[in-house]
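Below: one structure, written as structure tokens.
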């Protein structure tokens, strides 16, 4: 009697669990278990089975996107295939993996007229960078000569670190405008128009002095350094087209180099300029100065001396052009020399001791 009572209690306790096990087994997809086999509890295979379902491709991360280096040429340059302005730098950048190099002006949607309005070109540069930024992790800008002014004006027109710009290296850029351009504009204003003799002489030297870009360079002023963008200015000590006065760029790290034989165009192939630019791009920081302070000062002094000679020559040529204009223009008959004497007091000779 006690055995029967004990068996009844055990059956009453285990019956719910046996029923659950049967339900789990019946829920197993494709189960063909023997009904007479003793039931056993196991997790349903249908829950753990891999299901092939269409999944969305993961969005590319910044690390997977290539970096962009955009090159901006100077006055009278051309973004044509045969223009070799940045060839040496391109060869060095070819060693960088996952990096796209683009010359500003090659995309017809964003033209670059190097003779035209600098602000118009700056807006096109800004828009070109913004069109490429979503498909690149970071943007680097390298400019030569007037291209630096175009980039400056692009930042003034709203380009910023928010557009992905990380570094901006300017070679031989007249950030403070051009004294030579100011001389042209002054001489033309006195002559009430272009001076044919000066214009034709410069054309013979393959230099166009009559353009909107030249007039813009006469009034160019530096801009505050853009926040979040690593800036570096490079210039050769013997650059006669962009003097230290022209290149003045307050608040920006600068290096005056002394290796190139021809200053303005020589920087394009100067190994030191190429190396400093490459390191700025790869490290996103201004490389430390490795030259001794005495050497740096000697190069700066040589550059300043040459710059003042160039500035003096520009002043003399501008005065001569104005005098020529006053003699040949029937509308403008003011004696320039007399005016200068009244404006600038003549130096008196010191008595001998």
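What follows is calculated from the coordinates using simple rules that are stated; it is not laboratory data. Bear in mind that the values here come from a model prediction, so they are computed numbers and not experimental data. Reconstructed Cβ throughout: ideal geometry from the backbone, glycine too, with neighbour counts over all protein chains shown.
Sorted by mean Cβ packing within 10 Å, highest first, what order do the peptides 270-276, 212-218 take?
212-218, 270-276
Give me the extension gain from residue 215 to residue 64: residue separation times 0.36 nm, minus the current Cα-Cα distance, reported in nm with one decimal.
50.0 nm
Quick one: length gained pulling residue 298 to residue 87 fully straight, 0.36 nm per residue minus the C-alpha distance? If you can, show how the numbers build up before the last one.
Working: separation 211, 0.36 × 211 = 75.96 nm, distance 3.03 nm.
In short, 72.9 nm is gained.
Within segment 109-265, what percent of beta bridges assigned by DSSP are antiparallel, to the nearest 5?
0
Could you sort the peptides 244-250, 157-163 by per-residue average Cβ neighbour count (10 Å cutoff), highest mean leading?
244-250, 157-163
If I model a spin label at residue 240 and residue 291 as a point 7 Å from the Cα along the Cα→Cβ vector, what separation in nanometres do I get?
Computed distance between label sites residue 240 and residue 291 equals 2.1 nm.
Let me know the Rg and Dmax you get for segment 242-331 when you use only its Cα atoms, in Å.
18.4, 61
Given N residues in segment 79-148, what is its alpha carbon radius of gyration divided by 2.2 N^0.38 Å?
Cα Rg divided by the expected 2.2 N^0.38 Å: 1.14.
Over the Cα atoms of segment 240-281, Rg to Rh with Kirkwood Rh, two decimal places?
So for segment 240-281, dividing Rg by the Kirkwood Rh gives 0.97.
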